[in-house]
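The values are calculated or read from the model by the stated rules, or taken from the named source; none is laboratory data. The shown structure was predicted, so the numbers you read here are calculated from the model rather than taken from an experiment. When we count neighbours, we look across all protein chains shown, and the Cβ atoms used for this are built from the backbone with ideal geometry, even at glycine.
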Amino acid sequence: MNEADPNGIDPHTPGAKLDAGKLRAGLCVNGFSRALAAVAGITTYGATKYTPNGWRAVPDGLERYTDALYRHLLASATEAVDPESGHLHLAHAAWNALAVLELTLQQPASKPAPSVTLWSMDDGNVVRQDIELTKAKIAELLKAVEPWLAEQENATTPQGETP
């Protein structure tokens, strides 16, 4: 990324700041200061109730925090404050949304399965078939070619010899 001053000031001129196109985190912090403080309250409540950052080690965290997010959103429709914590249900929902987002972003990017292109003839037409080689697909293909492989082995093995 080429760094530039948003006002076009030469980098070597006093007053230049090469931050054009960079995240403006201050807009988030200043624009949502009360909401972030409410979420920090939930973070503190959870750290006291459980352990600081213990939420990261919860088994099936994505599913469980997604469920908690929905529970608090549903509860917010009938009551503003969670009776157990004394905090807003919407603050709990926002915390759970952030937990789901963080866990999602921590997951390694999955690599696509390798693929293979098969060509065949169907009523005189050439047919192209791209197949993603998942474990299940490989097992299916191997099962389909087993009889042909056995036939080939028998055809190339001289009489009386075992392959």
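Quick look at the values:
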{"quantity": "Evaluation of Leu142 against (1) aliphatic (A, V, I, L, M); (2) assigned to a helix (DSSP H, G or I); (3) at pLDDT below 80 (one fails), failing number", "calculated": "(3)"}
{"quantity": "Residue pairs meeting the criteria (Cβ under 8 Å; at least 6 apart or on separate chains; first at pLDDT 95 or above, in the range 35-57; second surrounded by 11 or more Cβ atoms within 10 Å (Cβ to Cβ) and in a loop (DSSP other than H, G, I, E, B))", "calculated": "Ala38/His87; Gly41/His87; Ile42/Ser85; Ile42/His87; Tyr45/Ser85; Tyr45/His87"}
{"quantity": "Only listed residue being touching a Gly at 6+ places or on another chain (Cβ under 9 Å), assigned by TED's automatic domain parsing to the domain that holds Asn53 and among the hydrophobic types (A, V, I, L, M, F, W, C), chosen from Val81, Val100", "calculated": "Val100"}
{"quantity": "Failed item in (1) over 30 Å from Tyr45 (Cβ atoms); (2) modelled with pLDDT of 80 or more, with Leu103 passing the rest", "calculated": "(1)"}
{"quantity": "Which numbered condition Ala38 misses (of (1) surrounded by 12 or more Cβ atoms within 10 Å (Cβ to Cβ); (2) farther than 12 Å from Trp95 by Cβ)", "calculated": "(2)"}
{"quantity": "Members of the range 73-105 found to be in a helix (DSSP H, G or I), of a type in the set (A, V, I, L, M) and either in contact with a Ser or Thr (Cβ under 6 Å, 6 or more places away or on another chain) or without any contact (Cβ under 8 Å) to a residue 24 or more places away in the chain (or both), listed by number", "calculated": "Leu73, Leu74, Ala75, Leu90, Val100, Leu101, Leu105"}
{"quantity": "Residues within the range 60-112 that are surrounded by 13 or more Cβ atoms within 10 Å (Cβ to Cβ) and among the aromatic types (Phe, Trp, Tyr), tallied", "calculated": "2"}
{"quantity": "Unmet criterion (only one of (1) in the same structural domain as Gly41 (by TED's automatic domain parsing); (2) at negative phi; (3) out of contact with any Phe, Trp or Tyr (no Cβ under 9 Å at 6 or more places or on another chain)) for Asn53", "calculated": "(2)"}
{"quantity": "In the range 46-59, residue surrounded by the fewest Cβ atoms within 10 Å (Cβ to Cβ) [restricted to those that are of a type outside the set (S, T, N, Q) and in a loop (DSSP other than H, G, I, E, B)]", "calculated": "Pro59"}
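To keep it simple, each residue is scored yes or no on (1) assigned to a helix (DSSP H, G or I); (2) touching a Cys at 6+ places or on another chain (Cβ under 7 Å); (3) within 30 Å of Glu84 (Cα to Cα).
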position: His12; (1), (2), (3): no, no, no
position: Ala20; (1), (2), (3): no, no, no
position: Leu23; (1), (2), (3): no, no, no
position: Leu27; (1), (2), (3): yes, no, no
position: Ala35; (1), (2), (3): yes, no, yes
position: Thr44; (1), (2), (3): yes, no, yes
position: Glu63; (1), (2), (3): yes, no, yes
